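Inspection log for the structure reproduced underneath, given as structure tokens.
Computed from the coordinates by the stated procedures, all read-outs in this text should not be read as laboratory data. Nothing here was measured: the structure is a model prediction, and the numbers come from that model. Please note: Cβ atoms are built from the backbone with ideal geometry, for glycine as well, and neighbour counts cover all protein chains shown.
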Amino acid sequence: MFDRTIKIAPSILAADFANFGAECRAVEAMGADWVHVDVMDGHFVPNLTFGPAMCAALRPHIKGVMDVHLMISPVDAYLEAYAKAGADNITVHVEAGPHIHRSLQAIQSMGKTPGVAINPGTPVEAVAELLDMVGLVCVMTVNPGFGGQGFIASQVDKIARLRQMIGDRPVHIEIDGGISAKTAPLVTKAGANVLVAGNAVFSGGSADQPAAYGENIRSIRAAAEAAIG
Ligand code: DX5
Ligand code: ZN
């Protein structure tokens, strides 16, 4: 049975860059379901984060799902390195190149869960031919590159249309950008079940004092679940 329950996936882009291992352990201990790892190349998005070696270093500190979001282009040359680094989900942007189907086939062949992400300006129809190849579709509710941006509310209708398109396929709808206890209900009501949250989780606490992380995760989850009854 496909598990479509609400999952909270804190993004370590908002964590302490000098303390990633402890931050991953802390946020999982405080209730995170997945750990979202934002890979940026300074070309596909105007920011630069970390490569496969960093993901490999994080792997022993993440008990659950390492949800790797590749905001890089071209992407195919790096897929194997992230698979070897221990990623569970490998999500590629449909805008990253001309051969998204081939990229997803490659991720499947490596035994990882393929994901496809779409930017706010990309119509949901762009993933219509991919829904039988992926374990998740990531709808960006900010323009990718930075945490702490404002939620783009126009994407809510797109989420509802995507939910229709997916039907009863075992495919998660992941929302990424500007998720908080305030915006979470909007997207779960529309049919999303995986909520990426950076600043809304990694605020008010630290790896040594992670209680606030737990409170933040609980409040996002409660708001999300309340919206779907
Ligand atoms: C943006 C990243 C998001 C971002 C989320 O390009 O893909 O995962 O880190 O951060 P918040 O939740 O602070 O918007
Ligand atoms: Zn992300």
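In what sequence do Met110, Met40 fall when counting other Cβ within 10 Å, fewest first?
Going from sparsest to densest Cβ surroundings: Met110, Met40.
Neighbouring Cβ atoms within 10 Å as the yardstick, rank Ser180, Ser154, Ser103 fewest first.
So the ranking, lowest neighbour count to highest, is Ser154, Ser180, Ser103.
Rank these for me by crowding, Asp67, Asp168, Asp76, going from fewest to most other beta carbons within 10 Å.
Fewest-to-most Cβ neighbours within 10 Å comes out as Asp168, Asp76, Asp67.
What's the local net charge at Val201, with K and R +1, D and E -1, over the other residues with C-beta under 11 Å away?
0
Could you pull out every whole DSSP H run in the chain that spans at least 15 Å of Cα extent along its own axis and averages -1.0 or higher on the Kyte-Doolittle scale?
Going by DSSP H runs, the hits are 155-166, 211-226.
Using DSSP, restrict attention to beta bridges with both residues in the chain and report what percent are antiparallel, rounded to the nearest 5.
5 percent
Please identify every one of the trypsin sites (Lys or Arg not before Pro) in segment 155-229 that sits in a loop by DSSP and has no more than 15 other beta carbons within 10 Å of its own beta carbon.
Here the trypsin sites (Lys or Arg not before Pro) that fit, given the DSSP loop and packing criteria, are Lys182.
For segment 7-228, rounded, prolate or oblate, judged on the Cα gyration tensor with a ≥ b ≥ c (square roots of eigenvalues), a/c < 1.5 rounded, else prolate if a/b > b/c?
oblate
Under unit Cβ charges (Lys, Arg +1; Asp, Glu -1), what dipole magnitude, rounded to 20 debye, does the chain have relative to its Cα centre?
320 debye
Net charge near Met133, counting Lys/Arg +1 and Asp/Glu -1 over other residues with Cβ under 11 Å of its Cβ?
0
At 222 nm, what value in deg cm²/dmol follows for the chain if DSSP H runs of at least 4 each add -39500 (n - 2.57) and the sum is divided by all its residues, to the nearest 500?
Estimated from H runs of four or more residues: -8500 deg cm²/dmol.
Past the 24 Å Cα-Cα mark, which pairs from Lys63/Lys84; Lys112/Lys182; Lys7/Lys189; Lys7/Lys158?
Flagged as over cut-off: Lys112/Lys182.
Around Phe17, under 15 Å between beta carbons, what's the net of Lys plus Arg minus Asp minus Glu among the other residues?
Charge balance near Phe17 sits at -3.
Which listed residue (Leu162, Ser73, Val134) has the Cα farthest towards the positive end of the charge dipole for the chain, taking +1 on Lys and Arg C-beta and -1 on Asp and Glu C-beta about the Cα centre?
Leu162
By per-residue mean of other Cβ atoms within 10 Å, what is the highest-first order of 30-39, 138-147?
30-39, 138-147
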